[in-house]
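The values are calculated or read from the model by the stated rules, or taken from the named source; none is laboratory data. None of these values were measured; they are calculated from a predicted model. Cβ sites come from the backbone with ideal geometry, for glycine too, and all protein chains shown count toward neighbours. Just so you know, the surface numbers come from the protein's heavy atoms only, side chains and all, with ligands and any DNA or RNA stripped out. Shrake-Rupley method; radii C 1.70, N 1.55, O 1.52, S 1.80 Å.
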Amino acid sequence: VQLQASGGGLVQAGGSLRLSCAASGRSFSSYAMGWFRQAPRKEREFVAGIGWSDRNSNYADSAKGRFTITRDNAKNTVYLQMNNLKPEDTAVYYCAAKAGSGTSYYPTSYNSWGPGTLVTVSS
């Protein structure tokens with residue numbers, strides 16, 4: 001599956017953004033999806049993941065209560081709604097696809113990655 005993330009940009013602290021990740025291919029619904037981010041000079045880290053349906057999702061502690069991951073299998077798209085953004089959320093955000101139903105916190109568990117979209121949060 002090929003992935004393309006979009007929706008990044010510059011936002012003030014406290015603001016919101018919604019990232020989208022469009023997937024190509026007919027088997028999108030058979031992949032668990034994840035959002036990761038990588039800030040300068042830091043390792044890539046898990047943000048949120050979602051299984052085959054909206055009923056199975058999980059979040060990094062830093063994202064809980066502020067971010068929401070959803071998917072629309074009819075549109076082959078996964079979303080990350082980010083509210084109450086903070087300067088420490090500044091990073092390149094990547095979507096990733098993992099074969100199978102369950103998500104993972106580990107980047108190496110994911111089979112396909114999109115090119116990333118930059119989110120910058122100003123203070």
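Enter the per residue convex hull volume of region 1-57, computed from alpha-carbon coordinates, in Å³ rounded to the nearest integer.
Roughly 113 Å³ of hull volume per residue.
Normalised by the number of residues in the chain, what is the relative contact order in percent for Cα pairs under 8 Å and 6+ residues apart?
Details: 324 pairs, mean separation 45.3, N = 123.
The normalised contact order for the chain reaches 37 percent.
Among the lysines, which fall within straight-line cross-link reach of K75, defined as a Cα-Cα distance under 19 Å, with same-chain neighbours fewer than 8 residues apart omitted?
Filter leaves K98.
Skip the ligands, DNA and RNA, and give the accessible area per residue of region 56-123 with a 1.4 Å probe, whole Å².
On the way: 3210 Å² over 68 residues.
Dividing the accessible area of region 56-123 by its residue count gives 47 Å².
Based on the alpha-carbon gyration tensor of the chain and its eigenvalue square roots a ≥ b ≥ c, which shape applies: rounded if a/c is under 1.5, prolate if not and a/b is larger than b/c, or oblate?
It comes out prolate by the Cα gyration axes.
Which chymotrypsin sites (Phe, Trp or Tyr not before Pro) in region 1-35 pass both tests, a DSSP loop state and at most 15 other beta-carbon atoms within 10 Å? Mind showing how you got there, number by number?
On the way: sites: F28, Y31, W35; in loops: none.
Sites meeting the loop and neighbour criteria: none at all.
Ignoring ligands, DNA and RNA, what percent of the 1.4 Å accessible area of the chain is carbon and sulfur?
Answer for the chain: carbon and sulfur cover 47 percent of the accessible area.
Give me Rg over Rh for region 51-123, both radii from the alpha carbons and Rh done the Kirkwood way, two decimal places.
Ratio of gyration radius to Kirkwood radius: 0.95.
Please identify every one of the GluC sites (Glu not before Pro) in region 25-123 that sits in a loop by DSSP and has no more than 11 other beta carbons within 10 Å of its own beta carbon.
E43
Near K42, which aspartates and glutamates are there with a Cα under 13 Å away, not counting those fewer than 8 places off in the same chain?
K42 reaches E88, D89.
Out of region 49-123, which chymotrypsin sites (Phe, Trp or Tyr not before Pro) are coil in DSSP terms and have no more than 14 other C-beta atoms within 10 Å? Write out the running numbers ahead of the final one.
On the way: sites: W52, Y59, F67, Y79, Y93, Y94, Y105, Y110, W113; in loops: W52, Y105, Y110.
Sparse-neighbourhood loop chymotrypsin sites (Phe, Trp or Tyr not before Pro): Y105.
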